[in-house]
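One structure below.
The values are calculated or read from the model by the stated rules, or taken from the named source; none is laboratory data. Keep in mind it's a predicted model, so treat the numbers as computed, not measured. Neighbour counts are summed over all protein chains in view; Cβ atoms, including those assigned to glycine, are modelled from backbone coordinates with ideal geometry.
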Amino acid sequence: MTVTIDENDERTLIAAAQADPARFEELYDRHVRRVYGFVSRRVGNRATAEDLTSAVFEQALARLPKFEWRGVPFAAWLIRIAANALTDHWRKTSRETGEVAAEVPDAGEMDAIEQRTIVFQLVERLPDLQRQVIELRFGEEKSIREIATALQRTEGAVKQLQLRALENLRKGMRHG
């Protein structure tokens, strides 16, 4: 699995952006869809999601000089900033409208969000067929038979792909 290559690539991008803020664009391009998806699922309003996503990247750029690599994916750091931006948004909205603020994620929920972000990144790094099997099996809750039909593979081949994918994910979680 190529986790270390991708991790080194991410670290290189971060270091480059810390040295030259103009290089932040590469990190933005790599992560904007994930951050926007996280925010938009929680606010349900496109304009608000776009505004909050923009604010997340503004904060990330401002805080980038202080960012220290600790083995946690950069996306997890961005998601944490996004969760804090959502909390601030909900509190401000509840003050302005008098409505009760939406549930604010606690530390345990933030850790779970961070773990899911790591898993999503690891799944994206899997070889193509392994990634497809994991996405179909666990994302779309398809049976082994349905996956075999969709991928034009035998059920045994799908089980082997799933086993290898899960082993790769376990290794990635241990090293990440």
Has region 131-138 got any residue that is out of contact with any strand residue (DSSP E or B) (no Cβ under 9 Å at 6 or more places or on another chain), exposed (fewer than 14 other Cβ atoms within 10 Å of the Cβ) and modelled with pLDDT of 85 or more? no
Condition check for F57: touching a helix residue (DSSP H, G or I) at 6+ places or on another chain (Cβ under 9 Å), modelled with pLDDT of 85 or more and surrounded by fewer than 15 Cβ atoms within 10 Å (Cβ to Cβ): no
When you go through R63, R80 one by one, which is the residue that is at pLDDT below 90 and of a type in the set (K, R)? R80
